[in-house]
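Encoded as structure tokens, the structure appears first; notes follow it.
The values are calculated or read from the model by the stated rules, or taken from the named source; none is laboratory data. What you see is a predicted model, and the numbers here were worked out from it, not measured in a lab. Here the Cβ positions follow ideal geometry from the backbone for every residue, glycine too, while neighbour counts run over all protein chains shown. Protein only, heavy atoms only, side chains kept; ligands, DNA and RNA dropped before computing areas. Shrake-Rupley method; radii C 1.70, N 1.55, O 1.52, S 1.80 Å.
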Amino acid sequence: MNKAQNIAFNYIENLINESKQSFTWSELRDTIQESNVTIKNWMTIRAVLQHFKNRGLIVRDEDISTEKYILNTN
């Protein structure tokens with residue numbers, strides 16, 4: 001993984017470990033940008049999101065007005 005992917009992975013993993021309820025794409029994006037890493041392709045970050053979705057750890061909120069991900073507690 002590249003640096004930005006590692007930041008995204010750690011961000012989501014920390015939220016899961018802290019039992020947070022949810023996060024938004026904006027929060028994730030801001031966290032990555034604050035780390036001053038260069039991102040050439042944001043799809044690499046989307047791949048990290050997909051990894052957690054595939055493992056059943058997060059689900060996308062059905063509300064389409066915001067891109068929000070909910071931690072799956074099931």
Check on VAL37, surrounded by 14 or more Cβ atoms within 10 Å (Cβ to Cβ), outside any helix (DSSP H, G or I) and aliphatic (A, V, I, L, M): no
Pick from segment 4-21 the residues that are at pLDDT 95 or above and closer than 23 Å to SER65 by Cβ: which of them is surrounded by the most Cβ atoms within 10 Å (Cβ to Cβ)? ALA8
Scan segment 13-24 and report the pairs whose first residue is in contact (Cβ under 8 Å) with a residue 40 or more places away in the chain and whose second residue is in a loop (DSSP other than H, G, I, E, B) and open to solvent by 90 Å² or more (accessible area, probe 1.4 Å), with Cβ atoms within less than 9 Å and a gap of 6+ or a chain change. LEU15/GLN21; SER19/THR73; GLN21/THR73
Being of a type in the set (A, V, I, L, M, F, W, C), surrounded by 12 or more Cβ atoms within 10 Å (Cβ to Cβ) and free of Cβ contacts under 8 Å to residues at least 40 places away in the same chain narrows it down to one of ILE70, ILE32, so name that one. ILE32
